[in-house]
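K.L.:
Below is a structure I'd like to ask you about.
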Amino acid sequence: MSPQENTPTRSGGTDVSADRATDALRSVESARAGARLRAGLTPSWYGPAAAAALIASGLGQAWAEGRGGWGAALSLAIALAGLALLLALVDAAARRAEVTVTRPLSARLRRAAVPLSALLVAGLATWGLCHVFGADRGATKIALFAVLGLGTWAVFAARNASIGRKLRDIG
């Protein structure tokens, strides 16, 4: 039996080999994995913007601390504006990716467990240190929000670096 007898032919007369089909399937899987990874990337401006939003919220709350009723309302408005900005940034990052990969809530929580735990520990440590050194509530809020903002920035940078390494491995 000659090798040509094992190779199926299309109606147009072109030969289709199992090797070419396997290579094409690998190429498709590689492209799918690359798209999934690229969807997880966050823009480089996202980390600093999230940090700035959190720090500005802490500054606003510290400023409004002793201002009375209108200061509390302004503090709440600043916090809500910061949250709205963060949500808008998340939406912008998702649209920028051009690929939407919906993960189940459990998978998203598993992915975020370590960074969220690290941010929680850093926040608690900051609060504890501020309390030990006698910082007032305003300074504690500013320090706490600064640590959380910069920690968020570090989480996004580390995630992007990890995704970049995986993309280079894919080719």
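The values are calculated or read from the model by the stated rules, or taken from the named source; none is laboratory data. All values reported here derive from a predicted model rather than from experimental measurement. These accessible areas exclude ligands, DNA and RNA; they are computed on the full protein's heavy atoms, side chains included. Shrake-Rupley method; radii C 1.70, N 1.55, O 1.52, S 1.80 Å.
K.L.:
At 1.4 Å probe size, what's the solvent-accessible area of SER30? Round to the nearest 10 Å².
P.N.:
About 50 Å², rounded to the nearest 10.
K.L.:
Order the following by accessible area, largest value first: LEU76, LEU85. Probe radius 1.4 Å; ligands, DNA and RNA are ignored.
P.N.:
Listed by decreasing accessible area, they come as LEU76, LEU85.
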